[in-house]
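Heads up, the thing below is written out as structure tokens.
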Amino acid sequence: MTILQSERLLLRPLEHGDLAALTAIFADHDHMWDLMDIPGRSNDPATLASFYLERSLWAFDRYGGGMWAILDRATPAGLLLGYTGFVIDIDEEIDVAKEIEAGWAMASGNTGKGIALEATAALFDHTFDQLGSAKISAVTSPDNHASRHLMDRLGMIHERDITAYQGRQVVYVVGRDAWRQKRAEITSQAALPR
């Protein structure tokens, strides 16, 4: 089991015991609208949480990575703050060395605290340094300003628009070298007094 850590956070693979917390995250439709309204996919929070959990467990077994639970290092047995990780569908064949898609979601009340940035930065470090990926991509609705802001803060650039999920989506990417440069910037900013 691959555990990732940052200054404040501990990231561990999602597990069956996280199902209730994931269901609560997906039940917040105002916050999770981007993932709740995908045609052909259930918008029932429990069904969607189970789908994400099973997909993550499969991806960890097949590729060594899926979705990581984000926890506070001070209380690692505490509440799930959110999740971050890889978007890999069951039975999907990917080449992790070329490109992998990332995704994330925060539980209500945990936005605007730098948690998603810190957790996803740890994920990107792992993806580039341990898994050897050349590029990470992320896909969202053009109207998901919170995710697009995080993508910008992670040094990702808007590469193209695609038609998927609910319609038009934006694809952002970051390569290994660009990430290392951005990571140094993020680290130096974190050291500044607030």
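Mind checking whether some residue in the range 92-109 is in contact with a His (Cβ under 8 Å, 6 or more places away or on another chain), open to solvent by 40 Å² or more (accessible area, probe 1.4 Å) and modelled with pLDDT under 95? Yes - at least one qualifying residue is present in the range 92-109.
If you take the residues of the range 134-165 that are small (Gly, Ala, Ser) and in contact with a Phe, Trp or Tyr (Cβ under 9 Å, 6 or more places away or on another chain), which of them is farthest from residue 187 (Cα to Cα)?
Initially, the range 134-165 is screened for residues small (Gly, Ala, Ser), giving 134, 137-138, 141, 146-147, 155, 164.
Imposing the further condition that a residue be in contact with a Phe, Trp or Tyr (Cβ under 9 Å, 6 or more places away or on another chain) reduces the set to 134, 137-138, 141, 147, 155.
Values: 134: 21, 137: 21, 138: 22, 141: 28, 147: 20, 155: 13 Å.
Filtering first and then ranking leaves 141.
In the range 58-91, how many are acidic (Asp, Glu) and out of contact with any Phe, Trp or Tyr (no Cβ under 9 Å at 6 or more places or on another chain)?
So in the range 58-91, the residues acidic (Asp, Glu) come out as 61, 72, 89, 91.
Then drop every residue that is not out of contact with any Phe, Trp or Tyr (no Cβ under 9 Å at 6 or more places or on another chain), which leaves 61, 72.
Total meeting the criteria: 2.
Pairs linking a residue in the range 48-66 that is under 15 Å from residue 100 (Cβ atoms) to a residue that is crowded, with 24+ Cβ neighbours inside 10 Å and aromatic (Phe, Trp, Tyr), with Cβ atoms under 6 Å and 6 or more positions apart or on different chains, are 59/86; 65/86; 66/86. Looking across the range 153-190 at every residue that is surrounded by 13 or more Cβ atoms within 10 Å (Cβ to Cβ) and of a type in the set (D, E, K, R), the one that is nearest to residue 103 (Cα to Cα) is identified as 153.
The values are calculated or read from the model by the stated rules, or taken from the named source; none is laboratory data. Source: prediction; values computed, not measured. Cβ: placed from backbone, ideal geometry, glycine included. Neighbour counts: every protein chain shown. For the accessible areas, the whole protein counts, side chains as well, though only heavy atoms, and no ligand, DNA or RNA atoms are used. Shrake-Rupley method; radii C 1.70, N 1.55, O 1.52, S 1.80 Å.
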